[in-house]
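First comes the structure, then the notes that go with it.
The values are calculated or read from the model by the stated rules, or taken from the named source; none is laboratory data. These numbers were taken from a predicted model, which means no experiment stands behind them. Cβ: placed from backbone, ideal geometry, glycine included. Neighbour counts: every protein chain shown.
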Amino acid sequence: MLRRGLLLALALLPSIASADDNDIVISRLATRVTDGTGNLTGVVGQNLEFRSLVSQLGVVLAPRLLTPADTVGFGGFQFSVDYASTTIDNDAPYWRARQGTGSTPGSLSTVGVFARKGLWFLPLPSMEVGVGAVHLVDSHLWTGQLYAKVGLVEGYHQLPIPSVSVRGAVSRMMQQRDLDLTVASLDVMLSKHIGVGGTWMLDPYAGWNLLMIIPRSEVIDPTPDIDPLVAGNEMDSDLNFVFREQDTVFRNRIILGAKLKYYVFHLTIEAQFALKGTSKDDRTGTNEACMAASATANCDATDTAAAQRTLSLSTGFDF
């Protein structure tokens, strides 16, 4: 059964990756500067829009939780397939960076596969590591994800004491030419193990999560259809630009979920609420705030990303 589940997931994910409406075209987040005759003289990247876009995209691609505070045990192993839908501020102008030319949807969906393994390292009371891959539906984007969780308190199932754990995780985006995006997270989780009818096991959990979103821009060509090696186009490469390195984007998430297990089969449902973005990219030597269609990249960009909600469903096997 485990082999069938793995083969099904691997067969499904590549077919989803064939679409590209949700691929990101960073060159659209720029203002073109012209001279008095209408000739293009330069391109200015819009830091304000760039920061808010990566903030919302970072929440969509952030490290998954989908487990209670209890680890799977030092001899335990878990395989799971999950699906998540995350809201975005589709009316925000920075979402014009989507490859799709139609209306922007109100949410983005992802699918992922994960493997988790319990470990035993003295003096740590209990430890779990996990690795997986997440795909943004209707795009070529993938992320590789890795985490380590330490159970500080667990196993007191017969007492009114919750399990407590802390976890560190990282998500790294792949298959995107102009943008490097790394999302690190730190989690604190509480859960309680409840037996149901001597057969089912229920683990409701709650937690807090700090996301640290680190964007890096490659050199961006705003006129990809023009070949600078063709005679007459030699100056086209002068229009290339780059988003300078920005300060880390911070987002806070609140998590509520529950895991239901029967024998080796489990089903987990989770809701996350990411508070709106407020962090600021404070540039040295300027106090000018970035504005829409700003004519300079030397300005302070404040994250204007709206609050986001994520609903996730995970199913698989615990051994």
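Just so you know, in the range 205-255 the residues that are touching a Ser or Thr at 6+ places or on another chain (Cβ under 9 Å), under 30 Å from residue 64 (Cβ atoms) and among the aromatic types (Phe, Trp, Tyr) include one that is surrounded by the fewest Cβ atoms within 10 Å (Cβ to Cβ), and it is 250. Residues in the range 127-158 that are assigned to a strand (DSSP E or B), over 12 Å from residue 70 (Cα atoms) and β-branched (Val, Ile, Thr): 129, 131, 134, 143.
In a residue-by-residue description of the range 159-172, the property of being buried (at least 21 other Cβ atoms within 10 Å of the Cβ), at pLDDT below 95, on the phi < 0 side of the Ramachandran plot and assigned to a loop (DSSP other than H, G, I, E, B) applies to no position. Yes or no: residue 118 farther than 21 Å from residue 48 by Cβ, modelled with pLDDT under 95 and outside any loop (DSSP other than H, G, I, E, B)? Yes; evaluated as a whole, the condition is true for this residue. Figure legend. Inter-residue proximity from the range 178-196: first residues under 30 Å from residue 221 (Cβ atoms), second residues of a type in the set (Asp, Glu) and modelled with pLDDT under 95, beta-carbon distance below 8 Å, spacing 6+ or different chains. Indicated pairs: 178/218; 179/218; 180/218.
Of 284, 310, 268, all but one fail to be within 25 Å of the chain's Cα centre (by Cα) and either within 17 Å of residue 57 (Cβ to Cβ) or part of a loop (DSSP other than H, G, I, E, B) (or both); the exception is 310.
Tallying residues that are modelled with pLDDT under 95 and among the aromatic types (Phe, Trp, Tyr) within the range 183-208 yields 1.
When the range 173-189 is filtered for residues that are hydrophobic (A, V, I, L, M, F, W, C) and buried (at least 17 other Cβ atoms within 10 Å of the Cβ), the ones remaining, listed by number, are 173, 179, 181, 183, 184, 189. If we scan the range 279-300, do we find a residue that is among the β-branched types (Val, Ile, Thr) and closer than 25 Å to residue 106 by Cβ? Looking for residues that are among the β-branched types (Val, Ile, Thr) and closer than 25 Å to residue 106 by Cβ, one finds none in the range 279-300, hence no. In this structure, residue 80 does not qualify as among the small types (Gly, Ala, Ser), buried (at least 24 other Cβ atoms within 10 Å of the Cβ) and part of a helix (DSSP H, G or I).
When the range 209-252 is limited to residues that are hydroxyl-bearing (Ser, Thr, Tyr) and at pLDDT 90 or above, the one that is farthest from residue 55 (Cα to Cα) turns out to be 217. Would you confirm whether or not the range 101-108 contains a residue that is polar (S, T, N, Q), under 28 Å from residue 292 (Cα atoms) and in a strand (DSSP E or B)? The answer is yes; a qualifying residue exists. In a residue-by-residue description of the range 63-74, the property of being assigned to a strand (DSSP E or B), aromatic (Phe, Trp, Tyr), over 21 Å from the mean Cα position of the chain (by Cα) and over 23 Å from residue 283 (Cα atoms) applies to no position. Inspection of the range 90-107 finds no residue satisfying the criterion of being closer than 26 Å to residue 258 by Cβ and of a type in the set (D, E, K, R).
Could you tell me whether any residue of the range 87-100 is in a strand (DSSP E or B), polar (S, T, N, Q) and touching a residue at least 60 places away in the same chain (Cβ under 8 Å)? Checked the range 87-100: at least one residue is in a strand (DSSP E or B), polar (S, T, N, Q) and touching a residue at least 60 places away in the same chain (Cβ under 8 Å). Pairs meeting the criteria (first residue in the range 299-319 and over 19 Å from residue 279 (Cβ atoms), second residue among the acidic types (Asp, Glu) and surrounded by fewer than 18 Cβ atoms within 10 Å (Cβ to Cβ), beta carbons under 7 Å, at least 6 apart or on different chains) are lacking. All conditions in (1) touching a Ser or Thr at 6+ places or on another chain (Cβ under 6 Å); (2) modelled with pLDDT of 95 or more hold for residue 33, with the sole exception of (2).
Taking the criterion of being assigned to a loop (DSSP other than H, G, I, E, B), under 28 Å from the mean Cα position of the chain (by Cα) and loosely packed, with under 14 Cβ neighbours inside 10 Å, the residues of the range 287-297 that qualify are 291, 292, 293.
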